[in-house]
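Input: a single structure, listed below in structure tokens.
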Amino acid sequence: MRAKITSILLIATLVAILPPLSANASSMPDVPNPNVEFNLTGAGATFPFPLIDLWRVEYKNAYDNVNLNYQSIGSGGGIKQHIEKTVNFAASDAPMKESERELAPGTLHIPESIGGVVVAYNIPEVPNKGLKLTADVVSKIFLGEITKWNDPAITAENPGLNLPAKDIVTAHRSDGSGTTFVFTDYLSTVSPTWDEKIGAGKSVPWPSGLASAGNEGVAGIVKSTEYAIGYIELAYAFQTGMSYASIQNADKTAFIEPTLDSISAASSGVADTLPASEDNWAHVTIVNAPGPDSYPIASFTYLLVYDDLKQVTKNKDQAKAVIHMIHWMITDGQEFSSSLLYVPLADKVVELGKQGLSKVTYDGEKLWDYKATSTGSLEIPKWIRDNAKWWSEGLISDQDYINGLQFLIKQGILKV
């Protein structure tokens, strides 16, 4: 009798969840063909590299026939390889300029995460976090107008710190870099002098300082050079135990430490103003965002994908594997963001990314027939899950469970 009841319950449960499954039949791209080994390639930004590398490992744990080779060469290098069509996808912290989009028509911007750029320093007399810097001071240090650590403009905001009369050594990126774009976008926003003389870009004419490639290169200079200061992605500073400054907010009411919360505050509310994936993202920025808790040097980081993958993949199966992996990154993969101090994407931004991926084709043939739904989930309804658990533990009777299902069917909540 118990076996018969179990069968009835199983059938009833399957009947109950059929409507959501049907309504969301295309809510996930097809999984990679399990009979084929895929070697996918990406290149670009060092800013999200710690997260992308973790995604590489976790995705392979779930789909062991998919190998990702991501080269952390800087946003400029990633965009170059994207334009030259030598990788399946690219990553950049700087949205593509109109001139770059003209060289790569059909490019989609898919936001993958949000991160912060920190101003890291190596002052032996200040071995821990605690340095406070205003926007004016940061811009003047990198303009070469403030050259000593005991400059009155710095000591005025740091009365409790032992700031020495030592020369400041600045460090910056030597390669085309999205991190540089974010940092110089901030400097251009807060300093008219910087905007006029230097401007914002992936590569800029730095007035002075030491240069190295990659976030790891700048971090290396700062760590090995006493009295140095440079800009790097928060995850690099955190993972290597570097000291970094609290930066005055746009409201000029507080000095804000870069954290998940303060970077998230900088990006709050921006989702409603973002363009569609296929449109121009060149003017999207969240630097110096208003708000008492907003960290001022924050940015989206993007995956760049062609809307027709035939030009960068070997066949339709590989193209579908690319779409599935990127979809996983912006959905399931977001759960790994916080552990590396990246801010997970808001639901509205994830939806925007899904809509972008739904436009991708292979030789004009659609790869994923996505239709947004209000449920947005394949989960079994909570009532079914709870009652199945209670029934299995003997907390409710067979008949009570069946009666409950039958009641929901009669009410039209579940349909046969």
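The values are calculated or read from the model by the stated rules, or taken from the named source; none is laboratory data. What you are looking at is a predicted structure, and each value in this text was computed from that prediction instead of being measured. Counting neighbours? That spans all protein chains shown, and the Cβs are built from the backbone with ideal geometry, glycine included. Areas reflect the complete protein model, heavy atoms only, side chains present, ligands, DNA and RNA absent. Shrake-Rupley method; radii C 1.70, N 1.55, O 1.52, S 1.80 Å.
Tabulated data
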{"quantity": "Segment 67-131: mean projected area of Cα convex hull, nm²", "calculated": "7.0"}
{"quantity": "Under the Karplus curve 6.51 cos²θ - 1.76 cosθ + 1.60, θ = phi - 60°, whole-Hz ³J(HN,Hα) for segment 192-198, x wherever Gly or Pro sits", "calculated": "x, 5, 4, 4, 6, 8, 10"}
{"quantity": "Heavy-atom accessible area per residue - segment 33-127, 1.4 Å, Å²", "calculated": "35"}
{"quantity": "HN-Hα J in Hz across segment 154-165 - Karplus 6.51, -1.76, 1.60, θ = phi - 60°, x for Gly and Pro", "calculated": "7, 5, 4, 9, 9, x, x, 9, 8, 8, x, 7"}
{"quantity": "Size of electric dipole in segment 221-349: Cβ of Lys, Arg +1 and of Asp, Glu -1, about Cα centre, debye, nearest 20", "calculated": "360"}
{"quantity": "Under-5 Å amide H pairs with Ser243, H placed in peptide plane, nonlocal only", "calculated": "Tyr121"}
{"quantity": "Positive dipole terminus of segment 35-155, leading residue within Asn128, Leu51, His109 (C-beta point charges)", "calculated": "Asn128"}
{"quantity": "Residues with amide H under 5 Å from that of His172, placed H, sequence gap 5 or more", "calculated": "Leu210, Ala211, Ser212"}
